[in-house]
Amino acid sequence: MSAVIEIEGLRKTFHSLRNGRRVAVDGFDLLVEAGQVHGFLGPNGSGKTTTLRALLGLVRADSGRMTVLGEPSPELLPRVAGQVGAIVESPQFFGNFTGHRTLRLLARAGGVPVSRVDQVLDLVGLHDRGDDRVKSYSLGMKQRLAVASALLKDPRLLILDEPANGLDPAGIREMRDLMRSLAANGVTVLVSSHILGEIQLICDHVTIISRGRRVAAGRVDEVLAGHDRHEFLVRVAEPERAVELLHAAGLTAVVDGEALVVSGVGDPTVVSRVLGEQGLWVGELTPLRPDLESVFLELTGAYGPSSVPRQVDDSSPPRDGAVIDLDRGVDA
Ligand SMILES: Nc1ncnc2c1ncn2[C@@H]1O[C@H](COP(=O)(O)OP(=O)(O)O)[C@@H](O)[C@H]1O
Ligand SMILES: [Mg+2]
């Protein structure tokens, strides 16, 4: 496997009049290898967009080492830019142009044969709507048009920042199917998201960012296995008595509604033996596997109070207001 994106120790600080210095990305690492559909997950304000902008040379990093398709970025990014499709700032299209015309203009501007337009419209499932004006498109269709524009140059690497943002479940499903088919065609995909709905289902690898730092990375199944507490849901006639028997046998168990949850179980037959020996017959014994959402919430404390110790710096959450980005000037 060869590295398509490498980021080591990326750091980016913003300075604003109102809020002073803010560390947006704080020593972040990311490794994306060829052929992956890599989910870049983190709550709002955790540093995803800043990371991608730094990677693509749209904002200047304070420090860190980055490569894209083997070339140091941003210095030598132009060498591989023709093989990278990216949608980081959401593109604005002219509503009065058709999808086809929009892509034709972009193809010409990018030196791509216009014959490619029909292919990419096909790829993103907009072929039937190519002659309709963009203003008649749904948000999901506009997102797919944006992906189509990034696909014009037939990239080896596609970077999408929050492609599911604002989409309804059907739109998310369309986006998911699209990414899946791109991956099947050999495109490496990096997709950021703060929503763990359906996007997670297409990623084989994930990197989770919280407050500018990496808190987890790896294959989705490995990240999940690392957070498996080996819990089982157990149904028996007398849950309270079952909990006492399991405690006496040295296991951790709590009543949960009409059932009980036993933790730290290596071998579940122990549970049925301990209970069965006392005449309590187990009606159900189900492993409780963590899902990406619960791991994400545990690691990032994204919603509501979290008992998880802070793994990352305690910088204040983003606030609205005028900010000065030293690289970009004043933002309203
Ligand atoms: N242009 C900017 N000027 C000042 N602060 C910024 C700017 N862009 C992002 N930030 C801050 O950096 C942090 C990370 O933001 P961002 O990278 O947009 O996060 P995400 O994409 O994960 O939502 C936030 O605290 C945000 O307010
Ligand atoms: Mg963002």
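Every residue in the range 1-32 that is of a type in the set (Lys, Arg), modelled with pLDDT under 95 and buried (at least 16 other Cβ atoms within 10 Å of the Cβ), please. Spell out the reasoning first.
Step one: filter the range 1-32 for residues of a type in the set (Lys, Arg), giving 11-12, 18, 21-22.
After this cut, where a residue has to be modelled with pLDDT under 95 as well, the list is 18, 21-22.
Within the range 1-32, 22 is the sole residue that qualifies.
State which residue pairs qualify: first residue under 13 Å from residue 287 (Cβ atoms) and inside the range 221-236, second residue assigned to a loop (DSSP other than H, G, I, E, B) and among the hydrophobic types (A, V, I, L, M, F, W, C) in any location, beta carbons under 7 Å apart, and separation of 6 or more residues or different chains.
Cβ pairs passing all conditions: 230/265; 232/265; 234/282.
Among the residues of the range 44-53, write down those that are more than 7 Å from ligand 1 (Cβ to nearest atom) and closer than 15 Å to residue 213 by Cα.
Our first condition is that a residue be more than 7 Å from ligand 1 (Cβ to nearest atom); within the range 44-53, this holds for 52-53.
52, the sole residue that qualifies.
Report those strands (runs of 3 or more DSSP E) wholly inside the range 1-115 carrying at least 1 residues which are more than 24 Å from residue 140 (Cβ to Cβ) and free of Cβ contacts under 8 Å to residues at least 40 places away in the same chain. Full working, then the answer.
Values: elements: 3-16, 20-33, 37-41, 63-68, 84-87.
Counting at least 1 such residues, we get 20-33.
When the residues of the range 28-80 are narrowed to those that are hydroxyl-bearing (Ser, Thr, Tyr) and more than 16 Å from ligand 2 (Cβ to nearest atom), which ends up farthest from the chain's Cα centre (by Cα)? Walk me through it before giving the result.
Step one: filter the range 28-80 for residues hydroxyl-bearing (Ser, Thr, Tyr), giving 46, 49-51, 63, 67, 73.
Now drop any that are not more than 16 Å from ligand 2 (Cβ to nearest atom), which leaves 63, 67, 73.
On the way: 63: 24, 67: 20, 73: 22 Å.
Only one residue tops the list, namely 63.
If you check residue 172 against the conditions, is it within 16 Å of ligand 1 (Cβ to nearest atom), under 17 Å from the mean Cα position of the chain (by Cα) and touching a residue at least 12 places away in the same chain (Cβ under 8 Å)? Talk me through it step by step, then tell me what you get.
Values: within 16 Å of ligand 1 (Cβ to nearest atom): no; under 17 Å from the mean Cα position of the chain (by Cα): yes; touching a residue at least 12 places away in the same chain (Cβ under 8 Å): yes.
The answer is no for residue 172.
Go through (1) more than 9 Å from ligand 1 (Cβ to nearest atom); (2) in contact with a helix residue (DSSP H, G or I) (Cβ under 8 Å, 6 or more places away or on another chain); (3) under 19 Å from residue 196 (Cα atoms) one by one and return the number of the condition residue 35 breaks.
(3)
Please enumerate the residues belonging to the range 154-178 that are surrounded by fewer than 19 Cβ atoms within 10 Å (Cβ to Cβ) and under 19 Å from residue 89 (Cα atoms).
Hits for the range 154-178 are 165, 166.
Starting from the range 133-159, take each residue that is in a helix (DSSP H, G or I) and list its partners that are acidic (Asp, Glu), counting only C-beta distances under 7 angstrom and pairs at least six apart or across chains.
Listed by first residue and then by second, the contacts come to 140/174; 144/174.
Yes/no per residue for (1) farther than 23 Å from residue 164 by Cβ; (2) buried (at least 16 other Cβ atoms within 10 Å of the Cβ); (3) small (Gly, Ala, Ser); (4) touching a Gly at 6+ places or on another chain (Cβ under 9 Å):
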{"residue": "192", "(1), (2), (3), (4)": "no, yes, yes, yes"}
{"residue": "205", "(1), (2), (3), (4)": "no, yes, no, yes"}
{"residue": "217", "(1), (2), (3), (4)": "no, yes, yes, no"}
{"residue": "231", "(1), (2), (3), (4)": "yes, yes, no, yes"}
{"residue": "236", "(1), (2), (3), (4)": "yes, yes, no, yes"}
{"residue": "239", "(1), (2), (3), (4)": "yes, yes, no, yes"}
{"residue": "242", "(1), (2), (3), (4)": "yes, yes, yes, no"}
{"residue": "266", "(1), (2), (3), (4)": "yes, no, yes, no"}
{"residue": "280", "(1), (2), (3), (4)": "yes, yes, no, no"}
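If you take the residues of the range 1-25 that are of a type outside the set (A, V, I, L, M) and within 16 Å of ligand 2 (Cβ to nearest atom), which of them is farthest from residue 61 (Cα to Cα)?
Filtering the range 1-25 down to residues of a type outside the set (A, V, I, L, M) leaves 2, 6, 8-9, 11-16, 18-22.
Those left that are additionally within 16 Å of ligand 2 (Cβ to nearest atom): 12, 14, 22.
Working: 12: 5, 14: 10, 22: 13 Å.
Out of the qualifying residues, it is 22.
Taking the range 187-212 on its own, how many of its residues are away from ligand 2 (no atom under 16 Å from the Cβ) and either in contact with a Ser or Thr (Cβ under 9 Å, 6 or more places away or on another chain) or not in a strand (DSSP E or B) (or both)?
Counting residues in the range 187-212 that are away from ligand 2 (no atom under 16 Å from the Cβ) and either in contact with a Ser or Thr (Cβ under 9 Å, 6 or more places away or on another chain) or not in a strand (DSSP E or B) (or both) gives 8.
The values are calculated or read from the model by the stated rules, or taken from the named source; none is laboratory data. Treat the numbers as computed from the prediction; the structure is a model and nothing was measured. Don't worry about glycine lacking a Cβ; one is built from the backbone with ideal geometry, like all the others, and counts go over all protein chains shown.
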